[in-house]
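Read the structure below first, then the notes.
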Amino acid sequence: MTLTVFLAVIFAALLHAGWNAMVKGGGDKHLAMAGVVIGQGLFAIPVLAVAPSPDPASLPLMGAGILLHLGYQLFLLAAYRSGDLSQVYPLARGSAPLIVAAVSVLFLGVTLAPLQIGAVALIGLGIMSMALARRADGLRNRGAALLALTTGCFIASYSLVDGLGARVAGSALGFYGWLTIGNMLGFVAIAALRWPATLRRVPRHGLKLVFLGGGASFTAYALVIWAFTQAPIALVTALRETSIVFAVLIGVFVLGERMNLAKVVSTMLTLAGVVLLRYVRHGP
């Protein structure tokens, strides 16, 4: 992974943490998700005007990606209704890179150096251990833990499909732009059937999420999609999930949350994995 790709993914992680903080801080999670998804689609329109068209061979992967993103978004909303997702969400974000790395090595023929595997493991375990920083009983709630791990499977699945699709497409932005439009149309159709009142509130109460959240989310994942075409998907996925470190820092320094020893240890484990990921490439 080159320094340019590394820094691009780190910046994407920061953007990801930012828009997730906006969603977390809002009272209506359905409105927040609708605003962000619609915003992503709106930002994709001007990009498609200049991006090369994706190779038609990538269309099946694009369709699968749209379905996986929709499943992830709907499942995430269901998880919010089931309990305090902040207790178990680290399990989802931390398990995803571990799943992607395992699938990549065992089934896709990707070769990772032992230190790269160690870096991915450190990042994944560091993120997952943040669940221990919560005093609530999220880890003892089997249903909540199952929701988190299933969410991790969705994240891992769309990461692999999107990464492979962008490579086949020959145009990372073209592929992601059309995938985003499809995702937006699918989400709006579902929302119109299930939460029509929420959808009608977006123009009046969700414009901040549309433009700020949607813009940050689109830019963040566009960088990640591009990175998928430049480096192993497993390494990019692991590095992207360090967004949770930025989320912790935002919580402490912006939202006034407490930093305890468990959070410090988890953050240090994750950052150790990030440093190791760079060391593998540029170390002696």
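The values are calculated or read from the model by the stated rules, or taken from the named source; none is laboratory data. Just so you know, these numbers come straight off a predicted model, no measurement behind them. Note that each Cβ is placed from the backbone with ideal geometry, even for glycine, and that neighbours are counted across all protein chains shown.
For first residues located in segment 95-111 and closer than 18 Å to residue 148 by Cα, partners that are acidic (Asp, Glu) and part of a loop (DSSP other than H, G, I, E, B) and lie 6+ apart or on another chain with Cβ distances below 6 Å form the pairs 97/241.
Candidates 32, 21, 79, 12: the one that is modelled with pLDDT under 85 and either closer than 17 Å to residue 148 by Cα or buried (at least 22 other Cβ atoms within 10 Å of the Cβ) (or both) is 79. The single condition from (1) touching a helix residue (DSSP H, G or I) at 6+ places or on another chain (Cβ under 7 Å); (2) under 24 Å from residue 66 (Cβ atoms); (3) of a type in the set (Gly, Ala, Ser); (4) touching a residue at least 40 places away in the same chain (Cβ under 8 Å) that residue 262 fails is (2).
Out of everything in segment 229-241 that is surrounded by 24 or more Cβ atoms within 10 Å (Cβ to Cβ) and out of contact with any Leu (no Cβ under 8 Å at 6 or more places or on another chain), what residue ends up being farthest from residue 266 (Cα to Cα)? That would be 236.
Residues that are assigned to a helix (DSSP H, G or I), among the charged types (D, E, K, R) and over 23 Å from residue 60 (Cβ atoms) do not occur anywhere in segment 156-163. Please indicate, with yes or no, whether at least one residue in segment 44-57 is crowded, with 20+ Cβ neighbours inside 10 Å, touching a Phe, Trp or Tyr at 6+ places or on another chain (Cβ under 9 Å), at pLDDT 95 or above and part of a helix (DSSP H, G or I). Scanning segment 44-57 turns up at least one residue that is crowded, with 20+ Cβ neighbours inside 10 Å, touching a Phe, Trp or Tyr at 6+ places or on another chain (Cβ under 9 Å), at pLDDT 95 or above and part of a helix (DSSP H, G or I).
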